[in-house]
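K.L.:
Supplied in structure tokens, the structure appears directly below.
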Amino acid sequence: MGVPSKEETKRKRGKTKMSGVSLNEAITVEFNLKGQPIGAESIRRSSFLGPLVREIVLVTFTDWRKVAPEIKEVLWKSIQVRYKLDRSWKKDYVFKTMGALWRASKSRLVKDIKEAKNDEERMKLKPDNIKSIIEWKAFVREKTSIVFQVHHLFLI
């Protein structure tokens, strides 16, 4: 055992957690003329959406667009408790943002799965919302398969 390399000692930023979320009153998020959220609340909203979507939408879903309407309704109600978003285009914007956050989170997880040295390390990566070890192992098996890796080589 020698001195750890820089890569081994470098700390990575962890996942954002939903802490400090007050449910007293719905907050209004301002949007600019391009339909993009602006101001301090827009930053808090982004920090709220990532953990929310990771907690509710399983990474085992193959496609964000195929997430069941019931799950999307739970997401929307959770958002409405916290934020005033009264226009349909605002809802569309929020769901596009959540889709991007979900895909980015899933991509990071798949990268971590591939980099894990063994099954024990891969088991530690299992998100809390996946209750079935069988479902998790099937997901890991799919993401580490030769077919998956070859398919994604051509997408890059």
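The values are calculated or read from the model by the stated rules, or taken from the named source; none is laboratory data. All figures in this text were calculated on a predicted structure; none of them were measured in a lab. So basically every Cβ, Gly included, is an ideal-geometry build from the backbone, and we count neighbours across all protein chains shown. What goes into the accessible areas is simple: the full protein's heavy atoms, side chains included, and nothing from ligands, DNA or RNA. Shrake-Rupley method; radii C 1.70, N 1.55, O 1.52, S 1.80 Å.
K.L.:
Scan the range 111-128 and report the pairs whose first residue is within 16 Å of residue 60 (Cα to Cα) and open to solvent by less than 90 Å² (accessible area, probe 1.4 Å) and whose second residue is outside any helix (DSSP H, G or I) and small (Gly, Ala, Ser), with Cβ atoms within less than 8 Å and a gap of 6+ or a chain change.
P.N.:
Pairs found: 122/116; 125/116.
K.L.:
Further, regarding this structure: For the range 49-89, what are the residues that are at pLDDT 90 or above and of a type in the set (Phe, Trp, Tyr)?
P.N.:
The answer is 61, 64, 76.
K.L.:
State whether one or more residues within the range 96-107 are among the aromatic types (Phe, Trp, Tyr), open to solvent by less than 20 Å² (accessible area, probe 1.4 Å) and without any contact (Cβ under 8 Å) to a residue 40 or more places away in the chain.
P.N.:
There is no residue in the range 96-107 that is among the aromatic types (Phe, Trp, Tyr), open to solvent by less than 20 Å² (accessible area, probe 1.4 Å) and without any contact (Cβ under 8 Å) to a residue 40 or more places away in the chain.
K.L.:
Which residues, taken from the range 58-85, are under 17 Å from residue 139 (Cβ atoms) and not in a helix (DSSP H, G or I)?
P.N.:
Once the filter is applied, which keeps residues that are under 17 Å from residue 139 (Cβ atoms) and not in a helix (DSSP H, G or I), the range 58-85 yields 58, 59, 60, 61, 62, 63, 67.
K.L.:
When you scan the range 49-60, do you find a residue that is touching a strand residue (DSSP E or B) at 6+ places or on another chain (Cβ under 7 Å) and either over 17 Å from residue 83 (Cβ atoms) or open to solvent by 60 Å² or more (accessible area, probe 1.4 Å) (or both), even just one?
P.N.:
No, the range 49-60 contains no residue that is touching a strand residue (DSSP E or B) at 6+ places or on another chain (Cβ under 7 Å) and either over 17 Å from residue 83 (Cβ atoms) or open to solvent by 60 Å² or more (accessible area, probe 1.4 Å) (or both).
K.L.:
Quick check on my filter: what residues within the range 62-84 are without any contact (Cβ under 8 Å) to a residue 24 or more places away in the chain, under 16 Å from residue 106 (Cβ atoms) and exposed (fewer than 15 other Cβ atoms within 10 Å of the Cβ)?
P.N.:
62, 63, 66, 71
K.L.:
What pairs come out if I take residues in the range 41-57 that are part of a helix (DSSP H, G or I) and pair them with residues that are basic (Lys, Arg) whose C-beta lies under 6 Å away, six or more apart or interchain?
P.N.:
51/17
K.L.:
Name the residue, out of 9, 28, that is hydroxyl-bearing (Ser, Thr, Tyr) and modelled with pLDDT of 80 or more.
P.N.:
That would be 28, the only listed residue that is hydroxyl-bearing (Ser, Thr, Tyr) and modelled with pLDDT of 80 or more.
K.L.:
Given (1) part of a helix (DSSP H, G or I); (2) under 24 Å from residue 47 (Cβ atoms); (3) open to solvent by 40 Å² or more (accessible area, probe 1.4 Å), where does residue 150 come up short, assuming only one miss?
P.N.:
In the conditions (1) part of a helix (DSSP H, G or I); (2) under 24 Å from residue 47 (Cβ atoms); (3) open to solvent by 40 Å² or more (accessible area, probe 1.4 Å), residue 150 misses (2) alone.
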